1. I'm checking my understanding of the structure. Among residues of segment 110-119 that are closer than 25 Å to residue 278 by Cα and free of Cβ contacts under 8 Å to residues at least 60 places away in the same chain, which one is surrounded by the most Cβ atoms within 10 Å (Cβ to Cβ)?
2. Every residue in segment 286-295 that is surrounded by fewer than 19 Cβ atoms within 10 Å (Cβ to Cβ) and either touching a residue at least 12 places away in the same chain (Cβ under 8 Å) or under 20 Å from the mean Cα position of the chain (by Cα) (or both), please.
3. Run residue 157 past the list (1) modelled with pLDDT under 95; (2) touching a helix residue (DSSP H, G or I) at 6+ places or on another chain (Cβ under 7 Å); (3) assigned by TED's automatic domain parsing to the domain that holds residue 283 and report the number of the one that doesn't hold.
4. Can you work out which of the residues in segment 364-380 that are part of a helix (DSSP H, G or I) and touching a residue at least 60 places away in the same chain (Cβ under 8 Å) is farthest from residue 281 (Cα to Cα)?
5. Please enumerate the residues belonging to segment 154-193 that are under 24 Å from residue 131 (Cα atoms) and free of Cβ contacts under 8 Å to residues at least 24 places away in the same chain.
6. In segment 299-346, which residue that is under 20 Å from residue 277 (Cα atoms) and outside any helix (DSSP H, G or I) is modelled with the lowest pLDDT?
7. Filtering segment 381-396 down to residues that are touching a helix residue (DSSP H, G or I) at 6+ places or on another chain (Cβ under 6 Å) and outside any loop (DSSP other than H, G, I, E, B), which residue is surrounded by the most Cβ atoms within 10 Å (Cβ to Cβ)?
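The values are calculated or read from the model by the stated rules, or taken from the named source; none is laboratory data. Remember, predicted model here, so these are calculated numbers, not experimental data. For neighbour counting, all protein chains shown are included, and Cβ atoms are generated from backbone atoms with ideal geometry for every residue, glycine included.
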């Protein structure tokens, strides 16, 4: 009988590794109960007969079960907090959770690299049912990588309806004390930078020279994605060519929500603790004042359009003459001189070029990068200007913001 009792009182400690308080309490209760059983063995046997021991054993198991349930519940809550960093976890149940072994198999042990970032690496993979995926891995031990993972997961989960111009999240995986993974649909033509900048090679991504007509379509696609995000009260805050993906028909999809922020109920600017992202695309108010709003994304979008027009980075250093070249200023000067085509990507000049399209892209871009926030259009207005529902007047001269960063 003593052996049976000892088996009943044994506790699987692994359940309580992350919930020690839920382990101590049931052990104390069970210990006291066991002592009571021993002290009352004779009287219990005489009053309850042979079934008394069974009854008490069931009661002990019931007590243990309740505390074990609370411990498991607490462990799941801690896991959600670890994943989202204390953010609203009501969205997490909507996203499938992958096992690490699935991702290892799908990516052939993470052998096919699509691209690398400061704290992450993206791999191509194929799930068992044949779905091609892009697996983004954030490395262990990098705190800013952890924050970006949490922001990206929380930000994209807030989108109630999948948008045609936003990359689709398929799931996530968190390895305890290890790397974190986000699993996205695979976009075959890679990122926009490989298609607008010459001599650009990025891992296994395809590359080429995107025609002007396609660039114009990409500009509209990205504007629609950002407008959708802003309507959902989400700021992307990292709009740049590397974060614009192109599918098989060269439709653009916005990706990488690692720096995303949620706007308040009342539209306006919010304060962020530190300047993040790629500084060439950051609005002046973020760098100088630490404040961001939907118009911050608009500024970055304008810088993106300018690079699509010129097929070059907005800030370039000429080693031969040891000076910086600021492309937005060049575009503005060409516009004032009536020579906008001279700012166009030279690789496009041997084709039939629609000067009206170039002018429209340049005008919208220069409106978006106005230093005064109130002069910038919102993304819905930018769409209307690009699609011809709003007139696009010549933008005024602005203080061209450029810091040697």
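1. Across segment 110-119, the extreme among qualifying residues is 119.
2. Taking segment 286-295 and keeping what is surrounded by fewer than 19 Cβ atoms within 10 Å (Cβ to Cβ), we get 287-291.
Scanning segment 286-295 gives 287, 290, 291.
3. (3)
4. Of the residues in segment 364-380, the ones part of a helix (DSSP H, G or I) are 364-368, 373-375, 379-380.
Checking the rest, the ones that are also touching a residue at least 60 places away in the same chain (Cβ under 8 Å) come to 364-368, 373, 379-380.
Values: 364: 16, 365: 12, 366: 13, 367: 15, 368: 12, 373: 15, 379: 16, 380: 20 Å.
In this case the residue turns out to be 380.
5. Hits for segment 154-193 are 161, 162, 168.
6. Of everything passing the filter in segment 299-346, 316 is modelled with the lowest pLDDT.
7. If we filter segment 381-396 for residues that are touching a helix residue (DSSP H, G or I) at 6+ places or on another chain (Cβ under 6 Å), which is where we start, we get 382-383, 385-386, 390, 392, 395.
Subset that is outside any loop (DSSP other than H, G, I, E, B): 382-383, 385-386.
Details: 382: 28, 383: 20, 385: 20, 386: 22.
Only one residue tops the list, namely 382.
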